[in-house]
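This report concerns only the one structure given below.
The values are calculated or read from the model by the stated rules, or taken from the named source; none is laboratory data. Values in this document were obtained by computation on a predicted structure and should not be read as measured data. Cβ placement follows ideal geometry from the backbone for every residue including glycine, while neighbour counts extend to all protein chains displayed.
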Amino acid sequence: MKFESLVNGNNSIEEEIKGRISLGNKAFYANQDLFKSKLLTKNSKLRMYKTLVRPVVTYACESWVLKENIKTKLRVFERKVLRKIYGPTKEKDGTWRIKSKRNRLTGNKNIINYIKAQRLAWFRHVYRMPDNSMVKKVYEWSPALTRSLGRPKIDGRMM
């Protein structure tokens, strides 16, 4: 698998997220035999998801800007994996239903909360760095100049 973080010119993280979800799918389906196994408990499968699949998806997530469409894509991916882990339940009348209380099953520790926790951990790490480290200097930097007020000038041309 390829582990790197993409930076593009228009400061969009969409392609990065799409690639991460694709790699997460590959990691999940590479271990599909384990996730389908009847010998493992659902808690073991959930632990495997949290240690094998989710870190692949959230690699370098500390620098992501989480817009609503990105959050939706990540939640959809996680729900898909959890549906495959927990599977449907057979009711007393013989019908099947998909479990809807996955938040209770996962302890409300979804992928978005995990990313936010990782970002907070990175902030604590940067905050404790020595003052002469480059990362700390970039974090504490503020621009010396200010922009002028009002609309920008139009170079003397009339429109």
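Is there a residue being aromatic (F, W, Y), exposed (fewer than 14 other Cβ atoms within 10 Å of the Cβ) and over 10 Å from the mean Cα position of the chain (by Cα) anywhere in the stretch 42-58? Don't jump to the end; show me each part of the working.
Just the residues of the stretch 42-58 that are aromatic (F, W, Y), to begin with: 49.
Going one step further and asking which of them are exposed (fewer than 14 other Cβ atoms within 10 Å of the Cβ), we end up with none.
Within the stretch 42-58 (the criterion being aromatic (F, W, Y), exposed (fewer than 14 other Cβ atoms within 10 Å of the Cβ) and over 10 Å from the mean Cα position of the chain (by Cα)), the answer is no, since none of the residues qualifies.
Within the stretch 83-116, the set of residues being of a type in the set (G, A, S) and either at pLDDT 80 or above or surrounded by 12 or more Cβ atoms within 10 Å (Cβ to Cβ) (or both) comprises G87 only.
Tally time: how many residues in the stretch 66-82 are over 25 Å from Q32 (Cβ atoms) and either surrounded by 15 or more Cβ atoms within 10 Å (Cβ to Cβ) or within 10 Å of the chain's Cα centre (by Cα) (or both)? Steps first, answer last, please.
The initial filter retains those residues of the stretch 66-82 that are over 25 Å from Q32 (Cβ atoms), namely 66-71.
Subset that is either surrounded by 15 or more Cβ atoms within 10 Å (Cβ to Cβ) or within 10 Å of the chain's Cα centre (by Cα) (or both): 66, 70-71.
So the answer is 3.
Kindly establish whether Y127 is farther than 30 Å from K38 by Cβ, modelled with pLDDT under 90, among the aromatic types (F, W, Y) and assigned to a helix (DSSP H, G or I). So Y127 fails the test. The single condition among (1) assigned to a loop (DSSP other than H, G, I, E, B); (2) without any contact (Cβ under 8 Å) to a residue 12 or more places away in the chain that T51 does not satisfy is (1). Can you find a residue in the stretch 8-16 that is in a helix (DSSP H, G or I) and either buried (at least 18 other Cβ atoms within 10 Å of the Cβ) or modelled with pLDDT of 90 or more (or both)? Within the stretch 8-16, one or more residues are in a helix (DSSP H, G or I) and either buried (at least 18 other Cβ atoms within 10 Å of the Cβ) or modelled with pLDDT of 90 or more (or both).
Select from the stretch 17-26 the residues that are of a type outside the set (V, I, T) and buried (at least 18 other Cβ atoms within 10 Å of the Cβ) and list them in ascending order.
As a first pass, look at the stretch 17-26 and keep what is of a type outside the set (V, I, T): 18-20, 22-26.
Answer for the stretch 17-26, where residues must be of a type outside the set (V, I, T) and buried (at least 18 other Cβ atoms within 10 Å of the Cβ): R20, G24.
Here Y59 meets the list (1) in a loop (DSSP other than H, G, I, E, B); (2) modelled with pLDDT under 90 almost entirely, failing just condition (2).
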